[in-house]
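Below you'll find the structure, written out as structure tokens, and then a few comments.
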């Protein structure tokens, strides 16, 4: 049989049974009346021949591919890498494999990637840190594939679409309140690109904390970033050029905060002596930068697990059941490190 693909017919001949019996055994058709001894003989024959089941054929028999598609905005962000690892582990525990696609932070490519995965007959799709927003409206319902978006709210009218994520508004409020408690009154916020829903929610939390502290919100203290290291690096000269530079900065994510701290170190600005910095995510590099970064830790393991659970729940009832928790938000945790230590002469 060298040089050609081993088929189920070869396994049937080797085991001395019918091809239908082989199909029932290999596809784990529980209701088939096949003895344990026959099942063992079929499995042993498949092992001897090195038979690899045809996944497409199995999918037709089972009605499922046991594949979940995952779309991410970028593979450069360590947070995304950690999240994908968690999703993959949770999927594996449930007998599923993961196919990964990246949109390279382009909303239109994100939609195209989701539709490509649908064409591969995946059982469900998880989209991490979506930027597509309104581009999905109407398209998701037509896709007819259970979909869970992580860290981006979904339209309640989309029957097969749910979201799981950190409570971004709560995290922004906690981060900013921490800076207020440290005595800061001029607190800046460095954003991501403005079309991201998680950015809008974190900024809303920032504004809420200022309001609760009796501090007037100033649009001039909001500096646009990129969501990457370069955004933090570029933000520092903008912050320092203000007539009254802020004494503290809350950054959209850890990469932005790390870029800001790097630029400050090279520019001779002491952190936290002259400028206190807080991030969001708690990526591994957060505790390794100098100084170690105070941040809001996202509950990555819980988010990945809930995303998989939600996809499987949608598959089990085809999304027909009403759910009060279409958008599941989990509180993050403030992790205090040296970057938010006592500040110096710039003051409140």
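A short reminder: the numbers here are calculations on the coordinates, not readings from a lab. Values in this document were obtained by computation on a predicted structure and should not be read as measured data. Note that each Cβ is placed from the backbone with ideal geometry, even for glycine, and that neighbours are counted across all protein chains shown.
Things to note:
- Label zone at residue 218 (point 7 Å along Cα-to-Cβ), backbone N below 12 Å, the range 189-204: 189
- Least to most buried among 184, 66 (fewest other Cβ within 10 Å first): 66, 184
- Protection proxy ranking of 219-227, 69-77, by the mean of other Cβ atoms within 10 Å over each peptide's residues and highest first, is 69-77, 219-227.
- For the range 206-344, the Cα gyration tensor yields ellipsoid semi-axes of 35, 17, 13 Å (square root of five times each eigenvalue, largest first, whole Å).
- Averaged over residues, the count of other Cβ atoms within 10 Å places the peptides 250-257, 162-169 in the sequence 250-257, 162-169, highest first.
- Kirkwood Rh in Å, taken over all unlike Cα pairs in the range 191-232: 11.0
- Pairs of alpha carbons in the range 140-281 whose separation is greater than 23 Å (percent): 36
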